[in-house]
Amino acid sequence: MKDRESILVTGGAGYIGSHTILEILRDGSYDVVSADNFSNGDANTFRRIAEISGKEVKNYNVDLTRAADTRRIFSENPQITAVIHFAALKSVPESVEKPELYFSNNVGSLEVLLGEMRTAGVNKLIFSSSCSVYGNSPVQPVTEETPLQKAESPYGATKLKCEEILRTYSAAHPEMKTAALRYFNPAGAHASGKTGEIQKRNVTGLVPILCAVAAGERKEIYIHGTDYPTRDGTCIRDYVHITDIARAHVLAHAWLNSSKSSAGMHVFNLGSGNGTTVEEAVNAFQKVNHLTLNVVRGPRRPGDVAAIYSNGEKAKRELGWQPELSLGEMMRSAWEWEKKYRSLQS
Ligand code: NAD
């Protein structure tokens, strides 16, 4: 009997990778092989995935910047026909301190992966990009045609560089079909309450920080800037539930596999089309979780863009994807998981 096809998910122990594995397994059309060196992911992720899905996922604990180790994944798993590449370091402040680490890890792993995919004859790749490639765009909401801007951080620069590599590589090799998914602000946790985000390196992002304040680990939630030209003066972001983001990968993979997509590189925004202010997000977290947090409002922080939100028409039209879960559900599930995770640690 012919082996079922598998998707290689890199960064499968991480936040978006683990939720995407759960959606691929729920869809049921493909098996999954993961590659994660746990530089930020959690070793217990695969146990939680098994508990939720009833399926064991094999993880290769390899650094994807190492070609020989990456080659072994493909040679031992000839049933792999596509790759979803999440593995990267993602802390903006850390990238400012250690740009060389971010370039060698994030750009280096994509280069190695593309080389090994070519050797193995695997020609479909979905890449995790970010809305940071639009920088401080004066036009909102941003579409996939909105001009890209100079990166605000070394982390953002790695995303721009990786997109450029993917574009050049896809154009040079006509058998390749690739997609860069530009995420806006993934938030929330799995509906089961059994898995969610774990940040090992340092806590970044509004929702993880809100959870840290609610847990008493931080004293206050600090709102940076209340004089932006927005409806309440705080920055506008575009939050999307992690399960909606994960589901988009299943749809993007099916689309790349279909005759609807041509060869080459395709770009999709994964945003809701709705901007939420930081003040609104903080209020939503407190309201759905029946909590009152110590909110401190202060001056702007360098590097923050006033507003960034997505026009999601292309993903809706081509992939049939649009977010289904609400901001309240993101905040509720994030805090539910945080409490569960903390109880497991104590
Ligand atoms: P994460 O840190 O939770 O997951 C990334 C995983 O990759 C980690 O488990 C880490 O151990 C692994 N990894 C990193 N470098 C590796 C290497 N060289 N070899 C093997 N494994 C390696 O991050 P996430 O939030 O799940 O993000 C996934 C992807 O999405 C990243 O590329 C990130 O830049 C991108 N992204 C994330 C967000 C967000 O808000 N979470 C927004 C935009 C884009």
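The values are calculated or read from the model by the stated rules, or taken from the named source; none is laboratory data. Remember, predicted model here, so these are calculated numbers, not experimental data. All Cβ positions, glycine included, derive from the backbone under ideal geometry; neighbour counts span all protein chains shown. We work out accessible area using only protein heavy atoms, side chains counted, and drop any ligands, DNA or RNA first. Shrake-Rupley method; radii C 1.70, N 1.55, O 1.52, S 1.80 Å.
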Spatially close lysines, pair count over region 222-346: Cα under 29 Å, gap of eight or more or interchain
4
Which of the aspartates and glutamates could a cross-linker span from K58 if the Cα-Cα distance has to be under 12 Å and same-chain partners fewer than 8 positions apart are dropped?
D31, D36, E76
Alpha-carbon centroids, region 204-243 and region 262-322: separation in whole Å
11 Å
Only sites in a loop by DSSP and with at most 13 other Cβ atoms within 10 Å count here; which GluC sites (Glu not before Pro) in region 26-97 make the cut?
E56
Per-residue ellipticity at 222 nm for the chain, helices alone: DSSP H runs ≥ 4 residues times -39500 (n - 2.57), over residue total, nearest 500 deg cm²/dmol?
-11500 deg cm²/dmol
Based on C-alpha coordinates, I'd like the Rg and Dmax of region 1-55, in Å.
11.1, 38
Could you tell me which of S346, A307, M330 has its Cα farthest along the dipole of region 291-346 towards the positive end, charges placed at Cβ (Lys, Arg +1; Asp, Glu -1), taken about the Cα centre?
S346
If every Lys and Arg gets +1 and every Asp and Glu gets -1 at its Cβ, then about the Cα centre region 1-136 yields a dipole, in debye to the nearest 20, of 260 debye
Using the crude model of +1 on Lys and Arg Cβ and -1 on Asp and Glu Cβ, and no other charge, please compute the dipole size for the chain relative to its Cα centre, in debye to 20.
260 debye
Taking the dipole about the Cα centre of the chain, with the C-beta of Lys and Arg at +1 and of Asp and Glu at -1, give me whichever of A13, S132, V112 is farthest to the positive side.
A13
May I ask for the net charge around D244, where only other residues with Cβ less than 11 Å from the Cβ of D244 are counted and Lys, Arg are +1 while Asp, Glu are -1?
-2
Quick check for me: using +1 on Lys/Arg Cβ and -1 on Asp/Glu Cβ, what's the dipole size of region 270-340 about its Cα centre, in debye to the nearest 20?
140 debye
For T143, T168, give me the order by solvent-accessible area with a 1.4 Å probe, most accessible first, ignoring ligands, DNA and RNA.
T168, T143
When we measure straight from the Cα of K55, which lysines land under 20 angstrom away, once same-chain ones fewer than 8 places off are left out?
K2, K194
How much accessible surface area, in Å² rounded to 10, belongs to the heavy atoms of W335 with a 1.4 Å probe?
30 Å²
Net charge, A179 excluded, C-beta distance under 13 Å - Lys, Arg +1, Asp, Glu -1
+3
Please list, or write none, the lysines whose alpha carbon is within less than 20 Å of the alpha carbon of K161, excluding same-chain residues fewer than 8 places away.
K90, K98, K124, K150, K177
